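I have placed the structure first, in the form of structure tokens, so that the comments after it can refer back to it.
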Amino acid sequence: MLQDSQIRKLVRQLVSQSLPITSMKGLETNNFIPGKTRIQYSGPTWDSKEIEEAIFALLRGKWLSAGENVYNFEEEFSKFVGKKYSVMCNSGSSANLLMLSALKSRRTFGFKEIEVITPVVCFPTTVAPIVQCGFKPKFIDVEMDTLNLDLDQLERAITSKTKAIIFAHVLGNPPDMDRLMNICRKKKIILLEDACDALGSNWRGKPLGSFGLMSSHSFYAAHHITAGEGGMVSTNNKIIADVIRSMAWWGRACTCVGFANLSLKGECGRRFSKWLRPKYCGILDHKYVYKEIGYNLKPLDLQGAIGLVQLKKLLQLKKARQRIFKNYYDALKKYPKLIKMAKPSVNADANWFGFSITVITNRFSRNDLVSYLENRSIQTRNYFSGNILFHTPYAYLGNPHDYPNACQVMERTFFIGVQPNMSDEMIGYVRDSLDGFLKRYQ
Ligand SMILES: Cc1ncc(COP(=O)(O)O)c(C=O)c1O
């Protein structure tokens, strides 16, 4: 039987024979062929360490599903994002579903038919759980500088029925958080922060994801750090954290995780007790007592193991993202009559998820520029849904034309990546391609 250290050494040797193409070193050492090598808008930035830890979690983990690695990742993540508690789940979409579902619990607010304000330009699963939870989405438009929710409209939209706001920081760049927090305080509105695209960004030095009563995060392959898939909800409120844990774990009352999950008597020391008294007086295992109407949204333990490695690299990856963003921004600011780029918010230190461009001239269309880039093997993306009300399942929720800026985003905005493992040659190729296109119309 091999010792753990010997296994690790063997795995490391094996993986180093074939460094993943997505590693920080991988792309630099690969031969880049301009126009042929596809420049992805995003993707995992992994080294052998992630693979080593994933394999080790499979070999030595006591519980393939969420166990010690997930628990340790939750602890480290809470410290990073500046919240007391974090609960890992299987995706950022699930994290959003959990945040909204938590508002319904008898142990929190017990909300039933409330209004939740949200920007009409969004990622679909920021809005979908509002409807899935039986709440009413109330849409507001976005402002064109950052594509974030328009705070003037937010103030006007709040009514006595409004109990919460959910929004995503657009491509890692926040709205004016001072003003937003003031509005929430003044009007007693709950803020749910979708920070899926904003991990590592700050506002006045405070991490995004630490502002809302709850915040959601994603570890999907496209995101700042990735476990392939995965999500997290963070909060300072212990009751909410327990509700979220319960909802993600079948509705289970027992909240033992990591080592505690395997302990004989549970963390409370009362695992086998009369939990359902006075209605039922028999002794029950707490693991089969239910406190919420739940789901199963748990991650695998190896996702926690990978997340732990990735989290340590986040600030290094952020520097690379910021460098690429600045490179493009500086080169293209000479075209203010042709394009509008995302404006970095004052007081923010954004960990950019992408570089957005809105075409503001009528001399060429977004599709002209997008086709040009795609033909040069540079991947592009729409800003997610654009105006969500144009999409069939959401159409009954309102008239898309009531939101003129969202219509502009639908028609004119796209983004390219700032993938941290791009070599200087690749960055230069993307920048010069954009410059080459735009200067024809100058
Ligand atoms: C802003 C935003 N919210 C939520 C999600 C959903 O996250 P996941 O893909 O992990 O479900 C995404 C995208 O992936 C996103 O960009």
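Please verify whether segment 217-224 includes one or more residues that are closer than 21 Å to residue 91 by Cβ, touching a residue at least 40 places away in the same chain (Cβ under 8 Å) and in contact with a Phe, Trp or Tyr (Cβ under 6 Å, 6 or more places away or on another chain).
Checked against the condition, which is being closer than 21 Å to residue 91 by Cβ, touching a residue at least 40 places away in the same chain (Cβ under 8 Å) and in contact with a Phe, Trp or Tyr (Cβ under 6 Å, 6 or more places away or on another chain), segment 217-224 yields no hits at all.
Of all strands (runs of 3 or more DSSP E) completely enclosed by segment 186-244, which ones contain at least 2 residues that are out of contact with any Lys or Arg (no Cβ under 6 Å at 6 or more places or on another chain) and of a type in the set (A, V, I, L, M, F, W, C)? Working first, answer last.
Values: elements: 190-194, 214-218, 231-235.
By residue number, 190-194, 231-235.
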**Message:** Condition check: within 16 Å of the ligand (Cβ to nearest atom), part of a strand (DSSP E or B) and within 20 Å of residue 148 (Cβ to Cβ). Does residue 356 satisfy that?
**Reply:** yes
**segment 383-432 - residue that is part of a helix (DSSP H, G or I) and among the polar types (S, T, N, Q) and, of those, nearest to the ligand (Cβ to nearest atom)** = 405
**Item:** Which numbered condition residue 112 misses (of (1) in a loop (DSSP other than H, G, I, E, B); (2) in contact (Cβ under 8 Å) with a residue 24 or more places away in the chain; (3) more than 16 Å from the ligand (Cβ to nearest atom))
**Value:** (2)
**Enumeration of residues in segment 1-42 that are closer than 13 Å to residue 426 by Cβ and modelled with pLDDT of 85 or more** = 32, 33, 34, 35, 36, 37, 38, 39, 40, 41
**Message:** For residue 129, only one of the following conditions fails: (1) under 19 Å from residue 407 (Cβ atoms); (2) within 16 Å of the ligand (Cβ to nearest atom). What is its number?
**Reply:** (1)
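So that you can scan it fast, the table gives a plain yes or no per residue for (1) over 23 Å from residue 110 (Cα atoms); (2) within 32 Å of the chain's Cα centre (by Cα); (3) not assigned by TED's automatic domain parsing to the domain that holds residue 423:
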| residue | (1), (2), (3) |
| --- | --- |
| 245 | no, yes, yes |
| 254 | no, yes, yes |
| 276 | no, no, yes |
| 281 | yes, no, yes |
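Which one is surrounded by the fewest Cβ atoms within 10 Å (Cβ to Cβ), of the residues in segment 78-93 that are assigned to a helix (DSSP H, G or I) and within 16 Å of the ligand (Cβ to nearest atom)? Reasoning before the result, please.
The initial filter retains those residues of segment 78-93 that are assigned to a helix (DSSP H, G or I), namely 78-81, 92-93.
Subsequent filtering for residues that are within 16 Å of the ligand (Cβ to nearest atom) retains 81, 92-93.
Numbers: 81: 20, 92: 27, 93: 22.
The qualifying residue surrounded by the fewest Cβ atoms within 10 Å (Cβ to Cβ) is 81.
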**Prompt:** Residues in segment 133-140: is at least one in contact (Cβ under 8 Å) with a residue 60 or more places away in the chain and either within 12 Å of the ligand (Cβ to nearest atom) or touching a His at 6+ places or on another chain (Cβ under 6 Å) (or both)?
**Reply:** no
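Does residue 123 satisfy the condition of being surrounded by fewer than 23 Cβ atoms within 10 Å (Cβ to Cβ) and near the ligand (Cβ under 10 Å from one of its atoms)? Before you say what the answer is, go through the steps one by one.
On the way: surrounded by fewer than 23 Cβ atoms within 10 Å (Cβ to Cβ): yes; near the ligand (Cβ under 10 Å from one of its atoms): yes.
Yes; evaluated as a whole, the condition is true for this residue.
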**Request:** Could you tell me whether segment 47-65 includes any residue that is touching a Ser or Thr at 6+ places or on another chain (Cβ under 9 Å), of a type in the set (Asp, Glu) and modelled with pLDDT of 95 or more?
**Result:** no
**Tally of residues being in contact with a Gly (Cβ under 8 Å, 6 or more places away or on another chain) and away from the ligand (no atom under 13 Å from the Cβ) across segment 201-216** = 3
**Request:** Scan segment 275-315 residue by residue and report those that are in contact with a strand residue (DSSP E or B) (Cβ under 7 Å, 6 or more places away or on another chain), outside any strand (DSSP E or B) and acidic (Asp, Glu).
**Result:** 301
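Out of all the residues in segment 158-168, is one or more away from the ligand (no atom under 12 Å from the Cβ), of a type outside the set (S, T, N, Q) and within 17 Å of residue 387 (Cβ to Cβ)? Full working, then the answer.
First, the residues of segment 158-168 that are away from the ligand (no atom under 12 Å from the Cβ): 158-165.
Checking the rest, the ones that are also of a type outside the set (S, T, N, Q) come to 158, 161, 163-165.
Imposing the further condition that a residue be within 17 Å of residue 387 (Cβ to Cβ) reduces the set to none.
No, there is no match, as no residue in segment 158-168 is away from the ligand (no atom under 12 Å from the Cβ), of a type outside the set (S, T, N, Q) and within 17 Å of residue 387 (Cβ to Cβ).
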**Prompt:** Among the residues of segment 250-258, is any modelled with pLDDT of 95 or more, within 16 Å of the ligand (Cβ to nearest atom) and touching a helix residue (DSSP H, G or I) at 6+ places or on another chain (Cβ under 7 Å)?
**Reply:** no
**Complete:** Residues of segment 173-197 being within 12 Å of the ligand (Cβ to nearest atom) and either modelled with pLDDT under 95 or closer than 11 Å to residue 211 by Cα (or both), in sequence order, are 192, 193, 194, 195
**Prompt:** Of the residues 69, 96, which single one is more than 15 Å from the ligand (Cβ to nearest atom), in the same structural domain as residue 234 (by TED's automatic domain parsing) and in a helix (DSSP H, G or I)?
**Reply:** 69
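One line per residue, one yes/no per condition, for (1) surrounded by 15 or more Cβ atoms within 10 Å (Cβ to Cβ); (2) within 16 Å of the ligand (Cβ to nearest atom):
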| position | (1), (2) |
| --- | --- |
| 321 | yes, yes |
| 324 | yes, no |
| 327 | yes, no |
| 330 | no, no |
| 338 | yes, no |
| 346 | no, no |
| 363 | no, no |
| 375 | no, no |
| 381 | yes, yes |
**Asked** Which residues, counting only those in segment 217-235, are near the ligand (Cβ under 9 Å from one of its atoms) and under 14 Å from residue 78 (Cβ atoms)?
**Response** 217
**Request:** Among the residues of segment 148-185, count how many are closer than 24 Å to residue 325 by Cα and either in a strand (DSSP E or B) or over 22 Å from the mean Cα position of the chain (by Cα) (or both).
**Result:** 5
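The values are calculated or read from the model by the stated rules, or taken from the named source; none is laboratory data. These figures come from a predicted structure and were not determined experimentally. Every residue, glycine as well, gets a Cβ built from its backbone with ideal geometry; the counts of neighbours run over all protein chains shown.
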